[in-house]
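Derivation of every value follows stated rules applied to the coordinates shown; laboratory data play no part. What you see is a predicted model, and the numbers here were worked out from it, not measured in a lab. FYI the Cβ positions are ideal-geometry reconstructions off the backbone, even for glycines, and counts take in every protein chain you see.
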Amino acid sequence: MSVSAKQSGFSLIEVMVALVVLSVGMIGMAALHGQSLRASSSAIFRTQAINLTSDMADRIRANRMGQAAYGSAAANTNCTTADCTPAQMAAEDLYLWQQRVQQELPSGQGTVQYNGGTVPPTFTITVQWDESATGTMKHVMAIQVPNS
């Protein structure tokens, strides 16, 4: 064999460089995938919080006679629509709603504040939960509902 013969194929150094470049790309893709999963989880929690606050707003609008009671404590009154007062229905609505908030969001808490000093009365509905990546999150909705 002569010294001037051409070699064909890849050298070991070329193969190692190609593996390093490919590995860096794969690590970047894995990190991006993990970040997209966290963002997706956060979006789901935010959507649930919006739906839960809207649910409570609808409950308040449906029970206009019991408006002030929505700012009071929640209670499991076990009443049905036919046999309970508007205040009992409001307490039951709060109780059931807070149970849903706790079930659907991690460390979920739901509160309603009533301000009868405004015309029409104002309700501030707050849903709070914990996210592992960003900490405590909160969604707040303020609505005004006429008495009649």
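Mind checking which of 91, 117, 28 is farthest towards the positive end of segment 12-144's charge dipole, using Cβ charges of +1 (Lys, Arg) and -1 (Asp, Glu) about the Cα centre?
Working it through, the farthest residue towards the positive pole turns out to be 117.
For segment 1-107, run through the trypsin sites (Lys or Arg not before Pro) and keep only the ones in DSSP coil with at most 15 other Cβ atoms within 10 Å of their Cβ. Spell out each step's value before the answer.
Details: sites: 6, 38, 46, 59, 61, 64, 100; in loops: 6.
Taking segment 1-107 and a limit of 15 other Cβ atoms within 10 Å, the loop trypsin sites (Lys or Arg not before Pro) found are 6.
If you place +1 on the Cβ of every Lys and Arg and -1 on the Cβ of every Asp and Glu, how big does the dipole about the Cα centre of segment 7-79 come out, in debye to the nearest 20?
Values: 5 positive and 3 negative charges, 91 e Å.
It comes to approximately 440 debye.
Please state the relative contact order of segment 56-119 as a whole percent: Cα pairs under 8 Å, 6+ residues apart?
On the way: 73 pairs, mean separation 21.1, N = 64.
Dividing the mean separation by the residue count of segment 56-119 yields 33 percent.
What angle, in degrees between 0 and 90 and rounded to the nearest 10, separates the Cα long axis of helix 86-104 from the longest principal axis of the Cα atoms of the chain?
On a 0 to 90 degree scale, this one is about 10.
For Cα pairs less than 8 Å apart in space and 6+ apart in sequence, what is the mean separation divided by the residue count of the chain, i.e. the relative contact order in percent?
Working: 185 pairs, mean separation 28.9, N = 148.
20 percent.
Project the alpha carbons of segment 33-99 onto their principal axes and report the range along each, largest first, in whole Å.
Principal axes ranked by extent give 53, 20, 20 Å for the Cα atoms.
Between residue 113 and residue 79, with labels modelled 7 Å along Cα→Cβ, what's the label distance in nm to one decimal, could you check?
2.7 nm
List the equivalent ellipsoid semi-axes of segment 12-144 in whole Å, largest first, each obtained as the square root of 5λ for an eigenvalue λ of the Cα gyration tensor. Display every interim value, and only then the final one.
Values: eigenvalues 474, 40, 19 Å².
Ellipsoid half-lengths, sorted descending, are 49, 14, 10 Å.
For the chain, what does -39500 (n - 2.57) per DSSP helix run (n ≥ 4), summed and divided by total residues, give at 222 nm, in deg cm²/dmol to the nearest 500?
Working: 2 runs with 70 residues, N = 148.
One gets -17500 deg cm²/dmol as the mean residue ellipticity at 222 nm.
Considering the chain as a Gaussian network with a 10 Å cut-off on Cα pairs, which listed residue, 88, 99, 35, attains the greatest mean-square fluctuation?
Highest fluctuation among the options: 35.
Which value, in debye to the nearest 20, describes the size of the charge dipole of segment 12-144 about its Cα centre when Lys and Arg Cβ atoms bear +1, Asp and Glu Cβ atoms bear -1, and nothing else is charged? Intermediate values should be presented prior to the final figure.
On the way: 7 positive and 9 negative charges, 52 e Å.
For segment 12-144, the charge dipole is close to 240 debye.
Pairing the Cα long axis of helix 12-62 with the longest principal axis of the chain, what angle in degrees results, from 0 to 90 and rounded to the nearest 10?
10 degrees
Given 25 °C and 0.890 mPa s, how large is the Stokes-Einstein diffusion coefficient of segment 73-117 in µm²/s, with Rh as the Kirkwood radius over Cα pairs? Walk me through the numbers before you get to the answer.
On the way: Rh = 11.4 Å.
Calculated translational D: 215 µm²/s.
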